[in-house]
Amino acid sequence: MSHTHTDDERAQEINRLLASEGDAVRENATLLNRQRYDAIDEFPAYDEYRSRAREIKEAAIADLPDLLERVTEAVEENGGSVYLAEDAADANAYVESVAADRDAESVVKSKSMTTEELELNDHLEAAGLEVWETDLGEFVLQVAEETPSHIVGPAMHKSEAEIARLFNAHFDLEEPLETAQELTRFARDFLGERIREADVGVTGANFVLAESGTIVLVTNEGNARKSAVTPDVHVAVAGVEKLLPTVAELEPFVQLIARAATGQSIAQYVTMLSPPTESPTLDFEADELGAGEREFHLVLLDNGRFDMREDEELRETLYCIRCGACSNACANFQSVGGHAFGGETYSGGIATGWEAGVHGYDSAAAFNDLCTGCTRCVNACPVEIDIPWINTVVRDRLNRGADPDAFDHLVDGLSPDAEEPGLPLEKRFFGNFETAARLGSTTAPVSNWLASAGPVRTLLERVVGIDRRRELPTFARESFGSWFERRGGSRIDPGDATREAIVYPDTYTNYLSPERGKATVRTLERLGVHVRVPPLGESGRAPLSQGMVETARERARAVYAGLAEHVDAGRDVVVIEPSDHALFCREYDRLLVEESARRLRESTYDVMEYVYGLLENGADSHALTAGDGREIAYHGHCQARTLGTDQYAVAVLERLGYDVRESDVECCGMAGSFGYKRAYYELSMDVGQPLAESFEGEATILASGTSCGDQLESLLGRGSRHPIEEIAPP
Ligand code: SF4
């Protein structure tokens, strides 16, 4: 999908892929996720290794010029050559010249996304060479004439039956192939022949060790090592970011890569070659050892990587070890796969960074919107890359490159943001949602009546892209802040209080769901807390989710300015909306100066976390509503799950005697403003389907996120409440 496609075209393409590839992708990604969760559970040192891997990558990218020098020396000393290719054309021309020097006729390749980036096969074929992919998935795609849809499982979008149909139609077979075993055996025999005949073997490299010139290949099929050593000539093609200093730095990656990619403790084959090896060449025709010389070329590719290294925001993309875990963890990816969630080469969460870096922003634009910022990929990444932040930065840069928009005047005055003219109207509307919510609340019930009127829905759909099938939230006549003021503040005197807390009046609590704010005040007061609700503005979450980073930074600074005196006074900050709490804890690190972000993070609590802490510290749980064994279905918010704070709601509910069942799906499907957008309505509903199925027939449903609750209402036809409303005293 290109950047210039309309919403309708985008929706059509997504729907086509949902129908054709979605089932196979979901099945395969779900299996890989389950295996990954198990592998990580069985590996207690996982986080320690992740941090170590991150440190090593940071250092290696910082030392890249030095590592390049060292690897060149080492490979040349071994008798091979190193070529630093500036771009795809340069790399392709070099590989072609290697083949031409040997009068090669055929090439076998093992799976390598870097060679996909170069479109090396097309180039070599155009030069008259026969090229065969030897990885089973890549072979399937070569036969099908398709591109990979996942960086580790390239044919993940294909079912076994489809592959059988493909092979039976394409090859002249005596008996049709049916089972996975038959298909694999056929491919192995067929490709074994091609490997024996090949003049040149091309591999990628998972890692390249600078000290020794060692190429590390991590595979499950063993085809990479065969492709590397069976032909007389081996060409390894790798991005410059694959360099590590020595074998000592390799260990954490070997521990992590297979666990993250496929949930194995180690891959079937971890091959370390320091080519050219001294073993004799092979002559299969004569059935004897050949008399030829072995030849080795290491092609290290720049193609934008050195520029990425200089880019503060994109740099961490280079730490990626291409395990694909971020794709598997992504709910949108699970539904629609990499052919929608990818650019020219790369797919999935981290693809935005790769595509922006190696192919340019237009290639990243095609799918950048599909990242909902849910952060489910953050803990999945074995190198601790903040993938959602990279997506946000790219979104911001795309916004800034947008053409001036003729509709800008429509939102003049409704968009008090720090963005330049030309920002798409849809983003401007969602990014400034607080303004609309404040206005809607002030003018309710007229605004609610208007919002449900057909002509207004048509206009909203046309101008700001809100799908007309979506139920719109109802604005409250009295905001949470006004209610608290009218009530006369807290009922607990500071002198009698165990603690003092600020309840942050987020946009949703303030203007749409003041009931949960009131429930919070009642709960905290019953537990002995003096409560304040100061007039604070929007947190910055809404603009950030639209890639409006400067606006988000302004909002973050204003919120911090309003909270600083309370933090100084030792008051706790209690946040009801999980996406705002996650913002305070995670993204404020990127938006505020380090010290401010730290101080706020250390004083801030998710509301259920806070209640849990009060109860743990002796507050009387009898002051709250008892569960008496009542069954509750609880869906934890995705960002709270990343932080681990969703568990506090479960702990409190269980302590109060509720019988809690949790959802284990990756996402509700709504993911903030995402599900409201016309282009993504079907995808959002598809992502939400597993949640609906798992909660079908449940009596009471609790969800802490506003958008999760909205989506549950759409999927199940009935509402949900925030856990605080369930446990609050009357
Ligand atoms: S960003 Fe992290 S999770 Fe995603 S492919 Fe790279 S290393 Fe794996």
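Glu69 is checked against (1) free of Cβ contacts under 8 Å to residues at least 60 places away in the same chain; (2) farther than 26 Å from Glu312 by Cβ and fails just one. What number does that condition carry?
It is condition (2) that Glu69 fails.
Gly629: at pLDDT 95 or above and either touching a His at 6+ places or on another chain (Cβ under 9 Å) or over 29 Å from Ala497 (Cα atoms) (or both), yes or no?
yes
Would you confirm, using the coordinates I've provided, whether Thr277 is under 30 Å from Arg376 (Cα atoms) and either in contact (Cβ under 8 Å) with a residue 24 or more places away in the chain or more than 16 Å from the ligand (Cβ to nearest atom) (or both)?
No.
Restricting attention to the stretch 363-378, and to residues there that are in contact with a Ser or Thr (Cβ under 7 Å, 6 or more places away or on another chain) and assigned to a helix (DSSP H, G or I), which single residue is farthest from the ligand (Cβ to nearest atom)?
Ala366
Inside the stretch 614-649, can you point out the residues that are of a type in the set (A, V, I, L, M, F, W, C) and either open to solvent by 50 Å² or more (accessible area, probe 1.4 Å) or under 25 Å from Glu698 (Cα atoms) (or both)?
Leu624, Ala626, Ile632, Ala633, Cys638, Ala640, Leu643, Ala649, listed by residue number.
Among strands (runs of 3 or more DSSP E) lying entirely in the stretch 57-150, which contain 3 or more residues that are over 22 Å from Val218 (Cα atoms) and modelled with pLDDT of 95 or more?
Fully inside the stretch 57-150 and qualifying: 81-85.
Being under 26 Å from Phe584 (Cβ atoms), at pLDDT 95 or above and of a type in the set (D, E, K, R): is that true of Arg491 here?
no
Give me the residue from the stretch 379-407 that is modelled with pLDDT under 95 and among the small types (Gly, Ala, Ser) and, out of that set, nearest to the ligand (Cβ to nearest atom).
Here the answer is Gly401.
In this structure, does Gly304 turn out to be within 20 Å of Ser112 (Cβ to Cβ) and either more than 15 Å from the ligand (Cβ to nearest atom) or modelled with pLDDT under 95 (or both)?
So Gly304 fits the description; yes.
Within the stretch 448-486, how many residues turn out to be in a loop (DSSP other than H, G, I, E, B), farther than 30 Å from Ile502 by Cα and open to solvent by 40 Å² or more (accessible area, probe 1.4 Å)?
4
Taking the conditions exactly as written (open to solvent by 10 Å² or more (accessible area, probe 1.4 Å) and either touching a Pro at 6+ places or on another chain (Cβ under 9 Å) or among the hydrophobic types (A, V, I, L, M, F, W, C) (or both)), does Ala100 satisfy them or not?
In short, yes.
Kindly list the number of the only condition in (1) touching a residue at least 24 places away in the same chain (Cβ under 8 Å); (2) closer than 26 Å to Glu69 by Cβ that fails for Thr262.
Only one criterion in (1) touching a residue at least 24 places away in the same chain (Cβ under 8 Å); (2) closer than 26 Å to Glu69 by Cβ is unmet by Thr262, namely (2).
Could you please give the count of residues in the stretch 318-352 that are within 28 Å of Ala679 (Cα to Cα) and within 16 Å of the ligand (Cβ to nearest atom)?
24
Check the stretch 43-53 and report whether any residue there is open to solvent by 40 Å² or more (accessible area, probe 1.4 Å), under 21 Å from the mean Cα position of the chain (by Cα) and aliphatic (A, V, I, L, M).
Taking every residue of the stretch 43-53 in turn, none turns out to be open to solvent by 40 Å² or more (accessible area, probe 1.4 Å), under 21 Å from the mean Cα position of the chain (by Cα) and aliphatic (A, V, I, L, M).
From the list Val229, Val200, Val237, pick out the single residue that is over 24 Å from Ala60 (Cβ atoms), buried (at least 22 other Cβ atoms within 10 Å of the Cβ) and more than 16 Å from the ligand (Cβ to nearest atom).
Val200
Which ones in the stretch 362-380 are of a type outside the set (A, V, I, L, M), touching a residue at least 60 places away in the same chain (Cβ under 8 Å) and open to solvent by 10 Å² or more (accessible area, probe 1.4 Å)?
Asp362, Asp369, Thr372, Gly373, Cys374, Arg376, Asn379, listed by residue number.
So Ala144 ticks every box in (1) within 21 Å of Val208 (Cα to Cα); (2) under 29 Å from the mean Cα position of the chain (by Cα) but one. Which box is left unticked?
Evaluating Ala144 over (1) within 21 Å of Val208 (Cα to Cα); (2) under 29 Å from the mean Cα position of the chain (by Cα) leaves (1) as the failure.
Looking only at the stretch 166-210, which residues are polar (S, T, N, Q), at pLDDT 95 or above and assigned to a loop (DSSP other than H, G, I, E, B)?
Asn206
Hey, among the residues in the stretch 144-160 that are open to solvent by less than 20 Å² (accessible area, probe 1.4 Å) and without any contact (Cβ under 8 Å) to a residue 60 or more places away in the chain, which one's nearest to the ligand (Cβ to nearest atom)?
Pro154
Considering only the stretch 248-333, give the helices (runs of 4 or more DSSP H) lying wholly within it that have at least 3 residues that are open to solvent by less than 10 Å² (accessible area, probe 1.4 Å).
It comes to 251-262, 325-329.
Taking the condition of being open to solvent by less than 30 Å² (accessible area, probe 1.4 Å), hydroxyl-bearing (Ser, Thr, Tyr) and part of a helix (DSSP H, G or I), how many residues in the stretch 684-706 meet it?
2
Here's the yes/no breakdown for (1) open to solvent by less than 20 Å² (accessible area, probe 1.4 Å); (2) closer than 30 Å to Leu398 by Cβ; (3) of a type in the set (Val, Ile, Thr):
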position: Tyr511; (1), (2), (3): no, yes, no
position: Lys518; (1), (2), (3): no, no, no
position: Thr523; (1), (2), (3): yes, no, yes
position: Gly537; (1), (2), (3): no, yes, no
position: Ala542; (1), (2), (3): yes, yes, no
position: Val549; (1), (2), (3): yes, yes, yes
position: Glu554; (1), (2), (3): no, yes, no
position: Tyr560; (1), (2), (3): no, yes, no
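Of these, Ala619, Ala623, Ala582, Ala569, which one is aliphatic (A, V, I, L, M), in contact (Cβ under 8 Å) with a residue 60 or more places away in the chain and closer than 17 Å to Gly705 by Cβ?
The conditions single out Ala582.
The values are calculated or read from the model by the stated rules, or taken from the named source; none is laboratory data. If you're wondering where the values come from, they're calculated on a predicted model, not measured in any experiment. Don't worry about glycine lacking a Cβ; one is built from the backbone with ideal geometry, like all the others, and counts go over all protein chains shown. Note: accessible area is taken over every heavy atom of the protein model, side chains too, but ligands, DNA and RNA are not part of it. Shrake-Rupley method; radii C 1.70, N 1.55, O 1.52, S 1.80 Å.
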